[in-house]
Amino acid sequence: MQIRTASPILAGFVLAAIALAGCKTQIDQDKVQALVKSVCEEKKVKVKSVSCPAGREAKEGDEFECTGELEDGSKFAAKVKQTDAKGTVLATVVGRFVNLKELGDSMEKNAGPGADVKCADKTILLRKGDSFTCDITVGDTKGSVTYTAKDDEGSVDKKVQVAGGGAAAPAAPAASAEPHAE
């Protein structure tokens, strides 16, 4: 009786096929980090760094979080969801992009003639607990309005402060503008 063995080349292919069958597709960490960075930079928000988990298996419906730091030193998070088993992902930055200059312009229109609102000329990522302040002048009255985010979807509390005194009435015209989402 003669025993036959597979050729070394054929055996190599079989072992490679078994090894590949055992491997799971992983998402590309660098590409996900680049995607998160691009989401911010499309809105004119500069990113210092982004970190996403390594070795993540490609699995449809899987969700995970990446973290990052903006150039101003503030931290942020992005929710990432895998849309298929091939590693395709959708990234959503937690918070709301707000163009402060556009917000100031909107507040001026709402306040009426003679109103002058000065906000920083930049776009920020507004997250729950974050706040920013704009200066307001209406006629001879000077003050400020401070917005504080109540959640990550853009709901804000507004506080108008009049120079030399307390807060203005809640119905103050300059306080009626909502942050403009990018």
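Amide H contacts of Asp151 (H built 1.01 Å from N, in plane; Pro and chain starts excluded): Gly129 sit under 5 Å, all sequence-distant by 5 or more or on other chains. Amide hydrogen proximity for Val45: with H placed 1.01 Å from N in the peptide plane, no residue at 5 or more positions away or on another chain lies under 5 Å. Give me the net charge for the shell around Lys59: Cβ to Cβ below 13 angstrom, other residues only, Lys and Arg +1, Asp and Glu -1. Result for the local shell: -1. Derived scalar couplings between HN and Hα for the range 63-77 equal 10, 8, 10, 10, 10, x, 10, 7, 4, 7, x, 6, 8, 8, 10 Hz in order, rounded to whole Hz, by the Karplus curve 6.51 cos²θ - 1.76 cosθ + 1.60 (θ = phi - 60°), x for Gly and Pro.
Between Ala120 and Ala85, the modelled label-to-label distance comes to 4.7 nm, taking each label 7 Å out from Cα in the direction of the beta carbon. Residues whose amide H comes within less than 5 Å of that of Lys142, counting only those at least five positions distant or on another chain, are Ala163 (H built at 1.01 Å from N in the peptide plane).
A short reminder: the numbers here are calculations on the coordinates, not readings from a lab. None of the values given here were measured: they were computed from a predicted structure. So basically every Cβ, Gly included, is an ideal-geometry build from the backbone, and we count neighbours across all protein chains shown.
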